[in-house]
Each structure stands twice: as C-alpha cells, then as structure tokens.
Amino acid sequence: MSAKQPLQVTAIPAFADNYLWLIHDGQHAAVVDPGDAAPVEAALASLNLTLDAILLTHHHADHAGGVAALTAGRTIPVYGPARERIAGVDRPLSEGQQVVLPSLGLTLSVLDVPGHTAGHIAYVATGQRWLFCGDTLFAGGCGRLFEGTPQQMTASLQKFAALPDDTAVYCAHEYTVSNLRFAVAAEPGNVHIAERLEQAQQDRARGLATVPSTVGIEKRTNPFLRYREPAVIAALQAGGRLNGNDPVAAFAALREWKNSFR
Ligand SMILES: [Zn+2]
C-alpha cells in the first residue's frame with residue numbers, strides 16, 4: 001500500500017473537456033461525476049488507490065456514465081440527487097443531508113441547486129473549503145438551463161456566492177476561455193475579467209487546467225453572479241436584450257445571449 005497523504009483533489013480529464021474529480025489521501029479515494037470508468041480506473045491504478053465511494057451531481061451521461069463499470073467489482077456507496085433517477089444510486093441525497101466518508105476523514109454537505117437539471121445537487125467540503133458544483137457553476141460561466149428556470153438557477157448560484165471566498169470551485173468542464181470571452185462582452189469595463197481571460201488563455205496554451213477557481217474569483221469575474229451590476233444591466237439594455245432592470249430577467253437575458261454568443 002502507498003503512503004497516506006494529506007487529503008487532496010486530482011483532476012481526471014475525460015471526453016473532450018470534462019474533469020472528473022478524484023478526492024484521495026494516497027490510499028483511499030472517492031470520485032465525483034465519473035462519466036467514464038476507464039480514466040478513473042487508470043488513475044486509481046497509477047496512484048495505487050482504493051475506490052470507496054462515488055458522488056454524482058446530476059443525471060447526465062458525461063457525469064454518471066461510468067457508475068455501472070466502477071461498481072461492477074466493488075461494493076461501494078453511490079451518492080446522488082434524490083430528485084433524479086440515476087441507475088446505481090443507492091444513497092439519495094437532498095439539501096441538509098451530509099455525506100460522511102470515514103476512510104477519508106471527509107464530510108460533505110449537500111446543496112440543492114436546480115437549474116441545469118431539475119434535481120442537480122452540489123457537495124461542499126466545509127472543512128477543506130471545496131465545492132463540487134457539477135454543471136451548475138463554471139469558471140466564468142454557468143450551466144445551460146435544460147430543465148430548470150432562471151429563478152431556480154439564480155437561487156442556486158446564490159448559495160455558492162454565500163460560501164467563503166476562498167472556497168475552491170471544482171466545476172466539471174474546461175469552458176473557461178469561451179466563458180470569459182463572453183464575460184468581457186457582458187461587462188466590458190471589468191479589468192478583473194480581462195486579466196483573468198489573459199491568464200486562462202496562457203494556461204490553455206501551455207496545456208494547463210484553468211480550474212479549480214475560487215468563489216471569490218467567480219464573484220469578481222463571472223457575469224452569472226454579477227447580473228445585478230449596473231454595467232451588466234447596461235450592456236444587456238444596450239444590446240436590446242433587456243427592458244427594465246429586474247434581476248431574474250437580467251439573468252435570463254444573459255443566459256440567452258450566451259447561448260448564441262460566438
Ligand atoms: Zn450536465
């Protein structure tokens with residue numbers, strides 16, 4: 001067996017732009033949103049880890065597709081949203097519940113964050129200040145509203161904004177550069193966005209991940225947390241995308257604009 005290490009989070013790249021998150025201490029591991037089993041098995045083997053739990057945020061196949069293969073030879077709990085039907089989930093969760101993983105010494109709190117899907121949940125490691133937010137919040141952006149309303153999504157994102165600024169945001173896709181290109185259009189005068197875009201482009205050119213970010217960085221640069229800002233409202237109005245200044249209408253207009261932004 002390998003040596004026990006401090007609890008850490010490792011990115012496992014999958015598909016075109018997904019990150020599957022492996023939480024481990026050098027011996028035991030839990031995986032968040034294993035859309036594909038093969039890269040998870042490869043990571044477990046190369047790091048010599050025992051997989052003790054699977055955590056799912058929502059039902060999309062690029063997040064849950066690896067569950068059947070990963071549980072085939074293991075008896076391990078599979079946590080997931082109580083309000084979505086996902087094959088293999090035997091520990092349904094909703095807000096207010098906790099996940100306790102004794103082998104890792106890790107406790108995670110559950111948040112209900114509907115919007116991208118109807119039952120989407122997120123996991124917060126309060127002690128470590130880690131947020132696993134699936135496809136709800138991205139670096140510089142947010143998930144598409146496939147099953148939920150703008151009202152729901154704004155309430156969900158507000159739960160993340162209320163976390164401590166130094167909370168690390170482990171989102172599930174590398175969308176940062178395109179998100180920040182949109183963010184520049186949505187809030188042209190925000191120098192933090194311009195600087196962050198520059199840094200993200202440099203990181204990607206060197207093959208580096210741009211995530212995790214932090215709640216504080218997202219609050220400064222993510223238009224989907226900044227839809228109440230006068231400059232964002234003004235950009236929406238100037239483009240003929242918003243009448244008035246209702247916050248939820250502004251969020252909905254921003255999301256619509258992003259859907260067609262190139
Ligand atoms: Zn999704």
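Below, the figures for the structure above:
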| read-out | value |
| --- | --- |
| Residues that are open to solvent by 50 Å² or more (accessible area, probe 1.4 Å) and of a type outside the set (Asp, Glu), drawn from region 235-260 | GLN237, ALA238, GLY240, ARG241, ASN243, ASN245, SER260 |
| Scope region 13-31; condition over 14 Å from the mean Cα position of the chain (by Cα) and crowded, with 18+ Cβ neighbours inside 10 Å; matching residues | ALA14, ILE23, HIS24, ASP25, HIS28, ALA29, ALA30 |
| Boolean, ALA122 is touching a residue at least 12 places away in the same chain (Cβ under 8 Å), more than 16 Å from the ligand (Cβ to nearest atom) and open to solvent by less than 10 Å² (accessible area, probe 1.4 Å) | no |
| Residue pairs meeting the criteria (Cβ under 9 Å; at least 6 apart or on separate chains; first within 16 Å of the ligand (Cβ to nearest atom) and of a type in the set (Asp, Glu), in region 155-183; second in a helix (DSSP H, G or I) and open to solvent by 10 Å² or more (accessible area, probe 1.4 Å)) | GLU174/ARG204 |
| Scope region 127-154; condition open to solvent by 20 Å² or more (accessible area, probe 1.4 Å) and either within 16 Å of the ligand (Cβ to nearest atom) or modelled with pLDDT under 95 (or both); matching residues | ARG144, LEU145, PHE146, GLU147, GLN152 |
| Candidate set from region 48-63 (those that are closer than 11 Å to HIS28 by Cβ and aliphatic (A, V, I, L, M)); member that is farthest from the ligand (Cβ to nearest atom) | LEU49 |
| Single residue of region 186-196 satisfying the filter (surrounded by 15 or more Cβ atoms within 10 Å (Cβ to Cβ) and touching a residue at least 24 places away in the same chain (Cβ under 8 Å)) that is nearest to PHE251 (Cα to Cα) | ALA186 |
| Pairs, first closer than 26 Å to ALA14 by Cα in region 209-235, second of a type outside the set (A, V, I, L, M, F, W, C), C-beta under 6 Å, six or more apart | THR210/THR176; THR210/ASP203; PRO212/TYR170; THR214/ASP166; VAL215/ASP165; VAL215/THR167; ASN222/GLY140 |
| Test for ALA3: is it open to solvent by 30 Å² or more (accessible area, probe 1.4 Å) and without any contact (Cβ under 8 Å) to a residue 60 or more places away in the chain | yes |
| Hits in region 64-80 (condition: within 14 Å of the ligand (Cβ to nearest atom) and over 15 Å from the mean Cα position of the chain (by Cα)) | GLY65 |
| Residue tally, condition surrounded by fewer than 11 Cβ atoms within 10 Å (Cβ to Cβ) and either closer than 17 Å to GLY35 by Cβ or in contact (Cβ under 8 Å) with a residue 40 or more places away in the chain (or both), over region 71-84 | 1 |
| So VAL32, is it within 16 Å of the ligand (Cβ to nearest atom) and either modelled with pLDDT of 95 or more or in contact with a strand residue (DSSP E or B) (Cβ under 7 Å, 6 or more places away or on another chain) (or both) | yes |
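The values are calculated or read from the model by the stated rules, or taken from the named source; none is laboratory data. Model, not experiment: these values are computed from the prediction. In this analysis, Cβ positions are derived from the backbone assuming ideal geometry, glycine residues included, and neighbour counts consider all displayed protein chains. With ligands, DNA and RNA removed, areas are computed over all heavy atoms of the protein, side chains included. Shrake-Rupley method; radii C 1.70, N 1.55, O 1.52, S 1.80 Å.
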